[in-house]
Amino acid sequence: MISIKTPTDIKDLARGAVLLGTGGGGDPYIGELFLQAQLDKGRTPNIVPVDSIADDALVITIAGVGSPPVMLEYLVSDDTLLEILARMETLLGRKVDALISAEIGGINSMFPLALSAMTGLPVLDGDGVGRAVPRTEMCTFSIYGCLATPAVVLDELGNSVVFETIDDLTAEAVLRSITAALGASLFGAFYPMSGAQAKATAVRNTVTQTQEIGRCIRTARDGSGDVFAQLLGYLNSRPGRCAHLLFDGKIVDVTHETRDGWHWGRVTIVPLTASKDVFTVDIQNEFTVARFNGRTVTVMPDLISILDRESAEPITAERLAYGQRVKVIGSSADPLLRTPKALAVMGPRNFGLDEDFIPIEQLV
């Protein structure tokens, strides 16, 4: 089973989380510092398989909510996470038995681990998407029958809101309103579920995958190997999954805008050669669609990751800038995200795209 005991373990985990986060989920740097602070105090997170918990256990998610660029400006304290946990337990009238990530991307993969280190609560080796997504209902927990509420959210000033809705579309609308009103950056506890529900709805082994991805990049880089060849080899070794190198070039234009509590934008990449090819990636917190000369080559819910072309370090959407030399990788989503039921919630049309989902293995 995965263990996180050293700064290298944390950096591997963060690196893999950014890749799976597809540009979103928040920058992991603050989460790295926060988790490292727990290790410095002699505390380590307890990560366990999803199937190891009892069916009647109480499981919740802990996550940051809002615009990733705004979240970069805020720090989180031990007191914030402990307060969220305490308020959720008061609301539900019982102790929480385990934690799980709502999404595995960026900073949101770090908070449950840090809270586990502080409290001893186990973190399940899985999450609700196998990537990052911009909306509450775009989550396997929600898609397959668990409600995001009752929920508790808290900002860095101590403002808090408890809310409960009849469905997760309404929960998303309420959460966006609260987030916009409180500065576009919140932390919260969501998706109270039983152990049986977690087993039925979670995307499995994603904490382990983040560490393995990060370690793969680091060891290939340290060994002067072909980092991208080894990374693609790992990604393609996962049963039923595939990954492809989509483009290699330099960023010649990138737009960033914070609107309605989200980070919106587009990045344009051209080859390093004299070719007239153009590659674009749209952003709605995460990378939603990649197009080569206007033709879609990867689209939600499949994963698009942008990496530094020399170091293979994955880059979050808010850190993309003019002149960066990058490579773009596309990879297939977990099968739980590709069912008709899931695509009705997180297919391309849910992002305002006038196209249907086609798997990356058919597009590339």
Alpha-carbon centroids, the range 85-113 and the range 319-364: separation in whole Å: 27
The range 226-363: relative contact order as a whole-number percent, Cα under 8 Å and 6+ apart: 24
Rounded to 10°, Cα long-axis angle of helix 227-237 versus longest principal axis of the chain: 60
Acute angle (nearest 10 degrees) that the helix 28-40 long axis makes with the longest principal axis of the chain, alpha-carbon atoms: 50
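If you average 1/r over every pair of different alpha-carbon atoms in the range 173-299 and take one over that average, what Kirkwood value in Å do you get?
18.3
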Bins of 5 Å, starting at 0 and running to the largest distance - Cα pair percent for the range 97-142: 5, 25, 30, 22, 13, 5
Degrees separating the helix 168-181 axis from the principal Cα axis of the chain, which is the longest one: 90
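Taking N as the number of residues in the range 7-204, what is its alpha-carbon radius of gyration divided by 2.2 N^0.38 Å? Please report the intermediate quantities before stating the final value.
Details: Rg = 15.0 Å, N = 198, 2.2 N^0.38 = 16.4 Å.
My calculation over the Cα atoms of the range 7-204 gives 0.91.
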Mean shadow area of the range 226-363 over all directions, Cα convex hull, nm²: 8.6
Relative contact order of the chain, pairs being alpha-carbon contacts under 8 Å that are 6 or more residues apart, as %: 20
Value of Rg/Rh across the chain [Cα atoms, Kirkwood radius]: 0.95
The range 1-51: Cα Rg divided by the 2.2 N^0.38 Å rule of thumb: 1.18
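Bear in mind that the values in this text are calculations on the coordinates, not laboratory data. Treat the numbers as computed from the prediction; the structure is a model and nothing was measured.
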